[in-house]
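Please read the structure below before turning to the comments.
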Amino acid sequence: DAGVTQSPTHLIKTRGQHVTLRCSPISGHKSVSWYQQVLGQGPQFIFQYYEKEERGRGNFPDRFSARQFPNYSSELNVNALLLGDSALYLCASSSTDEQFFGPGTRLTVL
Amino acid sequence: GENVEQHPSTLSVQEGDSAVIKCTYSDSASNYFPWYKQELGKRPQLIIDIRSNVGEKKDQRIAVTLNKTAKHFSLHITETQPEDSAVYFCAASSTNFGNEKLTFGTGTRLTIIP
């Protein structure tokens, strides 16, 4: 049974560019959440989607957006990248309150 | 919003001894408290969780306790082994199905000394 998958694994961008990160949840899970983990810190909540609807949004600027598709996969988009956006972006899927994380996408902004 | 504090930030214990990590939360509506283990370069892995209707939960060498009145919860690892070395994060959420935002603590780097 496949776990949560994310792509790409690593990404290097320059300031001002935009990026799209992708996540496929565990089969049968309808909820996907996105977190940002800066080196040395705990994950910070960005978004949660359930049944294609946004159910929660963390304290992130409007440059961050996301969506969920009919197959429950999800995309996180970040526009106008800043150096401070460099982090590990984690996707978590859940069917109840237990959240299971994917391997993450390591984004480096130069 | 919810605020979760975690301590200590680093912890070193001799192999075979016990380790305890403590967290406090601020939102009395929080009712779900998971613990995650994160090895270097890896994803956070759920190792144990507890819900507000339970005071203690145990899974082999790992146990978690919850004091709702004091808004404290703790992770206990007994008979520690070198493979327990990792960063541990506590988290809290007020689960409402389809709306489960986790607020994480700042992490504890646990080192097991052989």
* **Selected residue (criterion: farthest from the other protein chains (Cβ to nearest Cβ)) from residues of the stretch A:79-108 that are of a type in the set (D, E, K, R) and either in a strand (DSSP E or B) or in contact with a Phe, Trp or Tyr (Cβ under 6 Å, 6 or more places away or on another chain) (or both)** => A:ARG106
* Using the structure shown, decide if B:THR65 is in a strand (DSSP E or B), of a type outside the set (D, E, K, R), under 24 Å from A:ASN59 (Cα atoms) and more than 14 Å from every other protein chain (Cβ to nearest Cβ). => no
* Asked: Which one is surrounded by the most Cβ atoms within 10 Å (Cβ to Cβ) among residues in the stretch A:27-49 that are out of contact with any Phe, Trp or Tyr (no Cβ under 7 Å at 6 or more places or on another chain) and aliphatic (A, V, I, L, M)?
  -> A:VAL38
* **Selected residue [modelled with pLDDT of 95 or more, among the hydroxyl-bearing types (Ser, Thr, Tyr) and buried (at least 17 other Cβ atoms within 10 Å of the Cβ)] from A:SER24, A:SER94, A:SER7** => A:SER24
* Asked: Do the conditions hold for A:GLU75, that is, is it out of contact with any Cys (no Cβ under 6 Å at 6 or more places or on another chain) and more than 21 Å from A:GLN17 (Cα to Cα)?
  -> no
* To do: Just give me the residues in the stretch A:1-26 being in contact with a Phe, Trp or Tyr (Cβ under 9 Å, 6 or more places away or on another chain) and of a type in the set (Ser, Thr, Tyr), in sequence order.
  => A:SER24
* Counted residues, the stretch A:61-78 - those being within 14 Å of another protein chain (Cβ to nearest Cβ) and part of a loop (DSSP other than H, G, I, E, B) -> 1
* Would you tally the residues in the stretch B:27-62 being farther than 22 Å from A:CYS91 by Cβ, in a loop (DSSP other than H, G, I, E, B) and modelled with pLDDT under 95? => 9
* Residue ranges of strands (runs of 3 or more DSSP E) in the stretch A:1-50 with at least 1 members in contact (Cβ under 8 Å) with a residue 12 or more places away in the chain and charged (D, E, K, R) -> A:10-13, A:19-24
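The values are calculated or read from the model by the stated rules, or taken from the named source; none is laboratory data. It should be emphasised that the depicted structure is a prediction, and the values quoted were computed from it without experimental measurement. Backbone-built Cβ (ideal geometry, glycine too); neighbour counts: all protein chains shown.
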